[in-house]
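Take a look at the structure set out below.
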Amino acid sequence: MTDAMSTVTTTESDTTVQVRRRIPTRTPHQAADRARGAGRMGGPLTGLPWAMPALLLVGVLLVYPFFRSVYGSLFEDNGFTRHYTGLDNYVQLAEDPIFGRSLLNTVMWVAGTLLLPVAAGLAIAVATHRMRFGRIAQLVVVLPCAISGAATAVLWKFILTSEGSLNQVLQGLGLDSLVRPWLLEWPQNTLSMIVAGTWQATGLNVVLFAIGLSAIPRETVEAAELDGATGWRMFRYITLPQLRSVSVVVIGMAIVNSLKAFDMIWVLTQGGPARSSETLALTMYRESFRLFHVGYGSAVALVLSVIVVASSWMYLRRQMPETSPR
């Protein structure tokens, strides 16, 4: 930067004072340097200091435990002593029938959670959207989601045990052939717990779909009605496409929640009888903290983590292709 000199003449009484004032000027070369400096301040690393706390939390709470599980899965560890065994824990996983049953139960939980709470939440939200007293009906459905998973499990235990209220009602109606030990035999114990989970999870889906329905422009609905769209055609070609963004969130949450289902299963059956109703999350807990097979439990945890991350990533990549890297 250079300075240009200017002379200003002022008159005070009978004397004349000349003041030399510096006027800053900038050459084209200096202006270009300043512009490059401003570009550096607005570069991709400008926001890094603000992102550091979040990155630190993710690193401590997610990244480090993941790699610690990878490392721990290479050892036979009973919590006190351990020795390196390489990939033996993974070989044992492949040959373990309990792990195979846990994997199958986890798949059943994912399929059941996608079919029942999501479909029921969408159906109830659409059916009560314009219905008189629809908000009251939605409130009744939403109430169970305010109850904790453990409390919900205790409630359903009174219903599903062999001497529970469900069997007593069936016997009272003369339907003795339908009486079952609902929690004692596979696969009906897993299916019964999926129904109990559906009772609790549907309310949140109703709220999310109701918000999505309220956001549909009224002009769009009226234009469709003028074109003769009603009933199923209105739902298929207008309502459902408008709910796409909400559906992505609901289904994504359902997948993740079903893969980490734990509290309801633990309270109702503790994975039994004979570990027949365990999911991967329950198997990981039992092996690591009850049987003290820490290395084997770490291998189960790693498999579960890979399934959760891979399924979530594939689903979100498919549903939001515009955000995927090109």
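The values are calculated or read from the model by the stated rules, or taken from the named source; none is laboratory data. This one's a predicted model, so the numbers in the text were calculated from it and none came from an experiment. Glycine gets a Cβ as well: all are built from the backbone with ideal geometry, and neighbour counts include every protein chain shown. Heads up: the accessible areas ignore ligands, DNA and RNA and are worked out on the full protein's heavy atoms, side chains in. Shrake-Rupley method; radii C 1.70, N 1.55, O 1.52, S 1.80 Å.
With protein chains left intact and a 1.4 Å probe, residues in region 48-115 average 69 Å² of accessible area per residue. Per-residue 3J(HN,Hα) values for region 73-87, derived from phi via the Karplus relation 6.51 cos²θ - 1.76 cosθ + 1.60 with θ = phi - 60°, read 6, 8, 10, 8, 10, 9, x, 10, 10, 7, 9, 6, 10, x, 9 Hz in sequence order (x marks Gly and Pro). Of the peptides 194-205, 79-90, 265-276, the ranking by mean beta-carbon count within 10 Å, highest at the top, reads 194-205, 265-276, 79-90. Solvent-accessible area assigned to carbon and sulfur over region 150-212 amounts to 71 percent, based on a 1.4 Å probe.
Packing order of peptides 112-120, 294-302, highest average first: 294-302, 112-120 (average count of other Cβ atoms within 10 Å over each peptide's residues).
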